[in-house]
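Have a look at the structure below, then the notes.
None of the figures in this text is laboratory data; all of them are computed from the coordinates on show. Just so we're clear, the structure is a prediction, and the values are computed from it rather than from any experiment. FYI the Cβ positions are ideal-geometry reconstructions off the backbone, even for glycines, and counts take in every protein chain you see.
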Amino acid sequence: MAALQTAFHLPTYINDRSTNSIPIFTSKTSLNFSYSTSAQNLPPSSNSSYAFSRRMYVSHALNNHRENSLEAINENALRMIVKWFELIRDVFPGGRWWNLRDFEQNVDGSPIAAEPITVLQALREMWALLADEKWILYTALGALAAAAVSEISMPGILAASVFSAQNGEMLVFYQNSWLLILLCVTSGICSGLRSGCFAVANSILVKRLRQAVFRSLLFQDVSFFDTEAVGDLTSRVSTDCQRLSQAVGNDIHMILRNIFQGIGAFICLMTLSWPLALSSLVICCILSLIFLIYGQYQKEAALLAQNFVASSNEVAQETFSLIRTIRAYGTEKEEHQRFTQWIERLASVGMRESVAYGLWTLSFSILYRSTQVLAVIFGGMSILSGHVSTEQLTKYILYCEWLIYAAWRLQDSMSSLLQSVGACAKVFQLMHLPPSSEFMSKGVKLQRLIGCVDFVNVSLHYSSRKMVPILENVNFSIKANEMVAIVGASGSGKSSLINLFLRLYEPTKGEILVNGVPLREMDMRWLRENIGYVGQEPHLLHMDIKSNIRYGCSRSIIGKEEIESATKNAHAHEFISALPHGYHTVVDDNLLSGGQKQRIAIARAILRDPIFLVLDEATSALDADSEGYIKEILHVLKNNADRRRTIIIVAQRLSTIKEADKIVVLEDGQIVETGTYIELHNKNGVFSRLFKLQTAAATPFN
Ligand SMILES: Nc1ncnc2c1ncn2[C@@H]1O[C@H](COP(=O)(O)OP(=O)(O)OP(=O)(O)O)[C@@H](O)[C@H]1O
């Protein structure tokens, strides 16, 4: 009993006392049993019964563990077999691994939008784009037909000349040889012409496609760009258009060529032996059937892959353009991961595409070899029975090869065409977007623009956030030559009001009238020529400063003096002159400070000599000196007797609007106060509160 008890407690003892322990069994369930091999670890009361019970225990424990381990091994093996079985089932054609539906969502879970397009629709579109250059396509098609006919005639004549030589028919042999040389030259010339013409058509097509998509995007509503990612759009214009043009450059002419050759080969086969011809046709039909499934799959995969390319481009573009922010916040790893997410999805789809292609090639190889075997078996039997001659069988084998190869290449090119069309569905979608309503009709140009504006019951919801009201029943008027300031807390809707005046967005309710004419009835291009606008974050284009200042100015001749006068007024002349290349310095958004960019933007607006000068917090990035100077300039511009103008300023620095004829105070998208600077001060309302807050913020040691 004692021995049993000792044995019963032995594990604790062994575990507690073991030093030089040997692991006996280790499993995932962390069953770790060990026993001591060291004599000094035995208990002091060691005797023979204890030794026996200990041996018994160890042997029992070992047996138990052996059984357990065998069970565990069996279980693991079973699990492995099931896993392998599932894997094979998933990877087998039609299995779960092939399902592309899992990829049909963006990383954030939203579905990827792209209306599918049929090959016929795509071809019609491309044909229309090449409307002026149809003669190139006609030449290419003519050359293609001539090359195909000469190529398909060759195997027959080749066999005939060999057998004529074997039979000693000298004349026939020479005739056939000359014919072969002629066909060689003809097919060479025609193939060259065909490829050249299709390549030219291809480059014209890619140019037209890019122009069409770019033009369509350019004339979209500004709200369109609130929802579409810039990187995605640039990817459509560059990569997708290139891929689509490949359809004409390679696929279509390969398809036509192989159709010609396939039909030719089949006719020749029929004249040789119709039962043999039909057996080859059956193989071609099986090939086509497999292709139907494969082609559809490739089309879907290509569409997804192109979307992933566009999304990864979007991330790359965003990352590189915000590299300063990313470096400052040390988020390189996060950005890398964001990019990798798309690339991994692209690779997964690419892998499926490649495996599918491998299976397709495998099917072709098997069927192609079977045709050869069938030809030899049936052909041999026909020779033995005397129905077919050796020459006929040779010709048959040659034409059979042509037919199967034509069928394979035809379907290969079809697959590529399907992929290109599938991948580029979005290109056509973008190309046919209706332009913004402001470009739909011409609109009126007024005889005389005096510069008065009325906001009548104007409300706004941005289409990207339909539930959030931004402006509600805004009513106010701006008289000609008035200087009106719009103020309010951040997010109160000041810039949105300006966006509506510039017709970058349409009001959801109400109307904006210029000279009493609704904005939506006006020729906006003409109206904008009369507006000088300086945005909150002015951007410069990648060109020299002079060109940046002249940008968008409708006057054809602009003298150096005019530009310098504008820059002097905008307090920009001094710093521009100090640059190594002065006005010829090439700049972009990153090479100048925020204040310098703003001053160039003000000079650009002044140079236009506009009737409306719209400044959206134009002075927020200026130093106190420049701010005072620009206040002066605004005053001069406003009171210039030769050129009267209306000035609308969105101001955060309330000091800049002392001279305003009217100040409109916005709060949560509604007008809460209007009046002059003094009137609003005395009112002790929202304006006065804003002013106090600003003064307190500007005085650091209160
Ligand atoms: N394109 C847009 N799409 C959706 N919401 C927008 C858009 N532009 C602005 N908003 C929202 O409209 C509201 C008003 O923005 P707005 O830029 O007009 O305010 P603001 O008074 O000019 O602010 P700030 O002084 O900070 O520039 C904000 O809540 C903003 O998030």
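Over the stretch 287-401, what is the relative contact order in whole percent, taking alpha-carbon pairs under 8 Å and six or more residues apart? So the answer I get is 32 percent.
Ranking SER389, GLN411, GLN429 by how far each Cα lies toward the positive end of the dipole of the stretch 381-445 (charges on Cβ) leaves GLN429 at the top.
Scalar couplings 3J(HN,Hα) for the stretch 490-500, obtained by applying the Karplus form with A = 6.51, B = -1.76, C = 1.60 to θ = phi - 60°, are 4, x, 7, x, 5, 5, 4, 4, 5, 4, 6 Hz; x denotes Gly and Pro.
Dividing the convex hull volume of the alpha-carbon atoms in the stretch 324-438 by its residue count gives 175 Å³ per residue. Among the chymotrypsin sites (Phe, Trp or Tyr not before Pro) in the stretch 207-270, those placed in a DSSP loop whose Cβ has at most 15 other Cβ atoms within 10 Å are PHE219.
Over 17 Å, how big is the tail of the calculated P(r) for the stretch 167-226, in percent of all Cα pairs? For the stretch 167-226, the share of Cα pairs beyond 17 Å comes to 67 percent. Overall shape: rounded for the stretch 534-593, with the ratio a/c of the largest to smallest alpha carbon gyration tensor axis below 1.5.
Counting Lys and Arg as +1 and Asp and Glu as -1, what is the net charge of the other residues whose Cβ lies under 14 Å from the Cβ of ASP661? Cβ neighbours under 14 Å give a net charge of +3.
To make sure I understand the rule: partners must be lysines, Cα under 27 Å from the Cα of LYS83, and not fewer than 8 residues away in the same chain. Which ones qualify? Partners found: LYS28. Can you tell me how the stretch 436-515 classifies by the Cα gyration tensor, rounded, prolate or oblate, using a/c under 1.5 as the rounded cut? Here the stretch 436-515 falls in the oblate category. Sorting SER238, SER161 by the number of Cβ atoms found within 10 Å of their own Cβ, with the fewest placed first, yields SER238, SER161. Peptides 680-686, 540-546 ordered by packing proxy, namely the average of other Cβ atoms within 10 Å per residue, highest first: 540-546, 680-686. For the stretch 236-347, the gyration tensor built on C-alpha atoms gives a prolate shape. Its axis ratio a/c (a ≥ b ≥ c) is at least 1.5, and a/b is the larger of a/b and b/c. Between PHE575 and ALA128, the FRET efficiency estimated from the beta carbon spacing at R0 = 56 angstrom works out to 0.60. Computed from backbone phi, the HN-Hα couplings of the stretch 141-157 come to 5, x, 4, 4, 5, 4, 5, 5, 4, 5, 5, 6, 6, 5, x, x, 5 Hz, rounded to whole numbers (Karplus: 6.51 cos²θ - 1.76 cosθ + 1.60, θ = phi - 60°; Gly and Pro given as x). Here the Kirkwood formula puts the hydrodynamic radius of the stretch 385-448 at 17.6 Å, using every distinct Cα pair.
Look at TRP98, TRP360, TRP135 and count the other Cβ atoms within 10 Å of each Cβ; fewest to most, that gives TRP135, TRP98, TRP360. Dipole magnitude for the stretch 413-478: computed about the Cα centre from +1 point charges on Lys and Arg Cβ and -1 point charges on Asp and Glu Cβ, it is near 160 debye. In plain terms, the residue of CYS285, CYS452, CYS424 with the fewest other Cβ atoms within 10 Å comes first and the most crowded comes last, giving CYS285, CYS452, CYS424.
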